[in-house]
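Below is one structure, written out as structure tokens; the observations come after it.
The values are calculated or read from the model by the stated rules, or taken from the named source; none is laboratory data. Keep in mind that this is a model prediction, so the values were computed, not measured. Here the Cβ positions follow ideal geometry from the backbone for every residue, glycine too, while neighbour counts run over all protein chains shown. Ligands, DNA and RNA are stripped out before the accessible areas are found, and what is left, the full protein with its side chains, is counted by its heavy atoms. Shrake-Rupley method; radii C 1.70, N 1.55, O 1.52, S 1.80 Å.
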Amino acid sequence: MKLKAFRIRNFRSIVDSGWNYLAYDNITALIGQNESGKTSVLEALYSFYNGKISDDILRSDMTFPIVNCTFILEGEKLADLFNSAEIPEPIREKFLGKEELTLIREWKADRSSIISIGDEDILEYYLKKEEEKRSFELVVQNEITELINRADTIISEMQLAEQEQLDARNEMNHWQLQLENVKRTLKKARNADTRSNLENEYDTIQKTYIQKEQQFAAKQKKFEEKKQLTQEISEKVTVAKKCLDAIENTRTALNDLDYLGKQLKEAEHIYEIFTNEKEKKNALQKLEKLHGEYHRIRKIYSECQEKEILQKLLTDKVFKGQNYKAAEAEALTEIQNDKKILSPEDFGTILLKYIPVFDFFEDFSSLLPNKIDLEDILLENEHTEGFKAVKNFLVIAGLTSDFFREKNHRILKQKIENLNGEITIDFQDYWRQNVGKDNKIRLNFELEHYDYTEPEKSGKPYLEFWIKDRQERLYPKQRSRGVRWFLSFYLELKATSIQNSVKRILLIDEPGLSLHARAQEDVLKVFEDLKGSMQIVYCTHSPHLVDVNKLYRVLAVQRADENDENSESVILDSKSLPEASTDTLSPIYSLMGAKVNEQQFIQQKNNIIVQDTVTYFFLQAMSEIFNLNKSVHFIPASGINGIQTLANILTGWRLDFYILLFGNGELKKAAEDIRNSHFLSDPKSADKKIKVFDDIASVENLFSTIDFKRYILQKRVGITESNSDYIITNELSRTLLASGFISHIKEHNISFEDFDEDTRRNFSELFNAIQSMIE
Amino acid sequence: MSPEIELQSTINTLKYEIHRQRRELTESIRYASYIQKALLPSPVLFKKLLPDHFVLFQPKDIVSGDFYWITKKKSEIIIAVADCTGHGVPGAFMSILGITMLNEVVGRGSFTSAGSILNQLREGIMKALSQTGEEYEQKDGIDMAICIFDTKSNNFQYAGAFNPMYIIQNNKLIEINGDKMPIGIAAEEEKSFTTHRIKLEPGSTVYLFSDGFVDQFGGPNGKKFKYQPFRNLLLKISELPMHRQKEELFYAFEKWRGNYPQLDDLLIVGFRYHVENY
């Protein structure tokens, strides 16, 4: 696999870098001023790989870093990388046609991170599943609400029925009492009339009583029915209650987690601002306690989530009429089956093993030190100067910590002696082949012990390094930075190649910082040699580490607001370079100037002075593909004032020259001045020697709008003004556009015929005018 | 008031409100159509520049996405027939943009050929709609056939953004196709529009049109009219006076359409070339 693009969010000064693409030919340079955020890009990529972030990386706006990386598959069959039973079928189908994949690493409040697959088409499946889950959960919640409402009604109805039943019973009892009273009175009554009245009354009451008795029976029946219903629904209500409890527990755990996350952040902040050791110690204790608590709650939260989904599944099944036991067994099985299917995180974790290894080479840790305490090596103290370089050295030497436990001092010395020889030979080959240097450099190391001069460490062992060059035996830091850098770089390459055979991405922070120009060009040469076997991403602000003909390799990093170091970092790709600030682009500007200086352009005759380097680059490039009959030598002046100076120099050297200018105004005046100063006595010659195209504001206007967009701007946008006006209005850098143009026509082998009719006509007319001027 | 009566009253109020809004919207679009008509060349101007011509223009809605345009610059008569993305209001917006751009580009006079007018128009549309080839942006554009007829030299140029041009001379139909790219952003990077230079013979008839006629569903099987029958129809009527050709075309269209609704705006411009006219 090969890294194609990355996107960084919430990482130090980077809020959202957008997608940035690495150069197809494996060398990508991040250019920008100090503090622009270049190193943050490398660190973010390294963090993506190893998952580690330090506290200073977090932004103050409580957002956590996210890094996305897209990899091109180079023949790997994705489906083969996983246990096929674990891949959901729709994803397996999507894997078949995949040519690239994206991984996302996201960090959480406790600095832990998860890596997951980030391809939209794959995530679509999970989103759909998630949506299904959400709608299922919604249905369950609605069902619960409905059930509770129903239960409420049923209970109310039952209570009402019960009351009605009681009322009916009371009434029945009342009439029964009445009946008995009349019966008693009847028994005592002797008078026939009274008896007759009482008998009538008895009959009436008896009728009412029978009626009330029937009513009571009906009410009793109704109550029994309602009671039965209540009993029936009560089992469902119990399940629903459990489900609601589970939902509430998850919500509480999430709230606790959020609260702890904020406390953690606060505690970290306090720890950072304390300088007093005691306060710092206390703050650290609190921080560690909070970390522990955060982990505990996170575990609880995951458990709650699991319980919640189990309860929801269970509730749904019970509501549908399944009995509790069977529903529980079925829900558990479903959850187990779901767990077997790979999640985006599972995919991410597995795929991480197959992506290239990211290595980070930065001066502090990766440059070979003079010495290092053995303790720091054995305790893996990564923040020790030169730690990584020494680790690399030990890997190459095949040494582990056991090696240094050899009690016999003589044997240990001998072993070290033998190793010193082997390592030196390897480096000499590399040094000669890659850097083209022949001096025999030897790398030695010794195991020494501190003496009384350093009482705090007295008696402790340390490793000491020497770089020997014929007679000289010097500490690494006493050697030139070039030798030290290349030697350390060699250690890095060699060590990583021993550790793993898979592809690598080497992230290099300011390679060869403070090396002299030639040594920096050597660094670039080494990168060119390595690009077949690894991808290199480095940051620099040196012009010697940028190839002007390969600006597609450049990503510019700068602050959104140039004057505010606290503003966010933005990354511009090679096509957007003209939008970058002058400071950011200074390596490229320096380089363009340096390239002009390398030209052997002043000849005996046919020298044509043009107004600036941009005009020079365009005309030079176009004349080469136009195939001018006569050889002409364009010479760039440094603006209007430079034209007169150049004319004076060439006249002084008795060299023949012509002047070709575009535009009017001040330029026209400058041409007039030269006419007066050099050709006053020969105005005819002046007409022949000086050509001013005053209707063409600048050389870019010789291109049709379509060609200007395609070959110079390399951007699709509607342009209704002249090309020169467009450049001015949009504050674009002419130098950068010219540089991009040259790279483009060289890389794509653009011929004169590739330009459209208008461009061809304009340049043909110009070059014909030049030819006739010379003739 | 009972709940039922109250509900009924609310429904009536809403119905009235919807009706009022619809009426206002229609009136507003109808007014916009007057503005759009005013932007189209007047029949007087058309007659003056191309004495023997017809314009068959029947928008599908009140306002149209098709438009025609004519002007004279020095000795050159420039005629354009265009079809904007969509019809109705969105199409009308685009047509206004197109007419304005045409006026601007031709008025500026920096064109060198029919193709270069289309090139400059495309730049203008891309700029106006901020089109840069990104996925999320509006992909609207204009299809157009444009021709320049130099009355001095009798040179005739045509360039097309999708829309073709038909010439009928000596009872033969010559079809000249435009480039397969719109005036506006396309998937492919911008290329120059091709300018076709043609020798017109006196008596030739030239037809520029949008796809409203050929794409109309109708006939016995409810199918599209298509290009070949359209060419046959033109060949059949090309000898008729221009105003009669318009009638024949309209009749053929309506007959084909039958009960099917009109699918798109309909626009055909035809003119006959007579040396003596210029």
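Tabulated values for the structure
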{"item": "Cα centroid separation - the stretch B:163-227 against the stretch A:164-212, whole Å", "result": "108 Å"}
{"item": "Cleavage-rule hits, chymotrypsin sites (Phe, Trp or Tyr not before Pro), the stretch B:74-148, DSSP coil, Cβ neighbours within 10 Å at most 12", "result": "B:Tyr136"}
{"item": "For the stretch A:283-366: rounded, prolate or oblate by the Cα gyration tensor [a/c cutoff 1.5]", "result": "oblate"}
{"item": "Amide H within-cut-off set for B:Asn155, under 5 Å, with H built and near neighbours excluded", "result": "B:Asp150"}
{"item": "³J(HN,Hα) computed for each position of the stretch A:662-669 - Karplus, 6.51 cos²θ - 1.76 cosθ + 1.60, integer Hz, glycine/proline x", "result": "10, x, 9, x, 4, 5, 5, 5"}
{"item": "Gyration tensor verdict on the stretch A:698-743 (Cα atoms; rounded if a/c is under 1.5, prolate if a/b is larger than b/c, oblate otherwise)", "result": "rounded"}
{"item": "Hypothetical label at A:Lys207: residues of the stretch A:159-191 whose amide nitrogen lies under 12 Å (7 Å Cα-Cβ projection)", "result": "none"}
{"item": "Rounded FRET efficiency, nearest 0.05, which uses the C-beta distance separating A:Glu456 from A:Ile270 and R0 of 25 Å", "result": "0.25"}
{"item": "Average other protein chain Cβ within 10 Å of Cβ, residues B:129-140", "result": "1"}
{"item": "Crossing angle, helix B:88-108 versus chain B [Cα axis fit, 0-90 degrees, rounded to tens]", "result": "30 degrees"}
{"item": "Sites A:Glu757 and B:Asp215 - FRET efficiency at Förster radius 30 Å, r taken between beta-carbons, to 0.05", "result": "0.35"}
{"item": "Rounded if a/c under 1.5, otherwise prolate or oblate - the stretch A:599-774, Cα gyration tensor axes", "result": "prolate"}
{"item": "Chain A: Cα Rg divided by the 2.2 N^0.38 Å rule of thumb", "result": "1.55"}
{"item": "Test item: Cα-centred dipole of chain B, Lys/Arg +1 and Asp/Glu -1 on Cβ, debye", "result": "1020 debye"}
{"item": "Additional length obtainable on full extension of the chain from A:Ala218 to A:Glu124, 0.36 nm per residue less Cα span", "result": "27.9 nm"}
{"item": "Chain A: angle of helix A:324-340 to the longest principal axis, Cα-based, in degrees nearest 10", "result": "10 degrees"}
{"item": "The protein assembly as shown - mean residue ellipticity at 222 nm from DSSP helices (-39,500 (n - 2.57) per run, n ≥ 4, rounded to 500)", "result": "-17000 deg cm²/dmol"}
{"item": "Buried accessible area, chains B and A (both chains, 1.4 Å probe, Å² to nearest 100)", "result": "1300 Å²"}
{"item": "Amide H within-cut-off set for A:Phe361, under 5 Å, with H built and near neighbours excluded", "result": "A:Leu507, A:Ile508, A:Asp509"}
{"item": "Alpha-carbon centroids, the stretch A:454-481 and the stretch A:322-354: separation in whole Å", "result": "57 Å"}
{"item": "The stretch A:126-343, relative contact order [Cα under 8 Å, separation at least 6], %", "result": "23 percent"}
{"item": "Accessible surface, per residue, of the stretch A:30-186 when the full set of protein chains is kept, probe 1.4 Å, Å²", "result": "53 Å²"}
{"item": "Using θ = phi - 60° and Karplus 6.51 cos²θ - 1.76 cosθ + 1.60, couplings along the stretch A:285-291 (whole Hz; Gly, Pro as x)", "result": "4, 5, 4, 5, 5, 5, 4"}
{"item": "Carbon/sulfur fraction of accessible area - the stretch A:70-167, other protein chains in place, 1.4 Å, %", "result": "50 percent"}
{"item": "Selection from B:Ile96, B:Ile176, B:Ala187, by position along the positive dipole direction of the stretch B:41-277 (Cβ)", "result": "B:Ile176"}
{"item": "Reciprocal of mean inverse Cα separation for chain B (Kirkwood radius, Å)", "result": "20.2 Å"}
{"item": "Cα centre as origin, Lys/Arg/Asp/Glu Cβ charges: the stretch A:37-131 dipole, Debye", "result": "280 debye"}
{"item": "Chain A: angle of helix A:613-626 to the longest principal axis, Cα-based, in degrees nearest 10", "result": "80 degrees"}
{"item": "GluC sites (Glu not before Pro) within the stretch A:65-107: DSSP coil, no more than 12 neighbouring Cβ in 10 Å", "result": "A:Glu74, A:Glu99"}
{"item": "Counted charge near B:Met101, where neighbours are those whose Cβ lies closer than 11 Å (Asp, Glu -1; Lys, Arg +1)", "result": "+1"}
{"item": "Contact order normalised by residue count of chain A, Cα under 8 Å, 6+ apart, percent", "result": "14 percent"}
{"item": "Nonlocal amide H pairs with A:Ile609, under 5 Å, H built at 1.01 Å", "result": "A:Ile635, A:Tyr658, A:Ile659, A:Leu660"}
{"item": "Loop sites in the stretch A:65-96: trypsin sites (Lys or Arg not before Pro), DSSP, at most 10 other Cβ within 10 Å", "result": "A:Lys77"}
{"item": "Around A:Phe755: net Lys/Arg minus Asp/Glu count, Cβ-Cβ under 10 Å", "result": "-3"}
{"item": "Potential extension, A:Arg92-A:Asp564 segment - 0.36 nm per residue separation minus Cα distance", "result": "165.0 nm"}
{"item": "3J(HN,Hα) from dihedral phi, the stretch B:189-205, Karplus parametrisation 6.51/-1.76/1.60, rounded to Hz, x for glycine, proline", "result": "5, 4, 10, 5, 6, 7, 9, 9, 10, 10, 9, 8, 8, x, x, 5, 10"}
{"item": "Net lengthening on full extension, A:Glu225/A:Ile728 (0.36 nm per residue, minus Cα-Cα)", "result": "172.2 nm"}
{"item": "Cα centroid separation - the stretch B:232-278 against the stretch A:1-66, whole Å", "result": "64 Å"}
{"item": "Chain B - percent relative contact order, Cα under 8 Å, separation 6 or more", "result": "21 percent"}
{"item": "Per residue Cα convex hull volume in Å³ - calculated over the stretch A:57-170", "result": "209 Å³"}
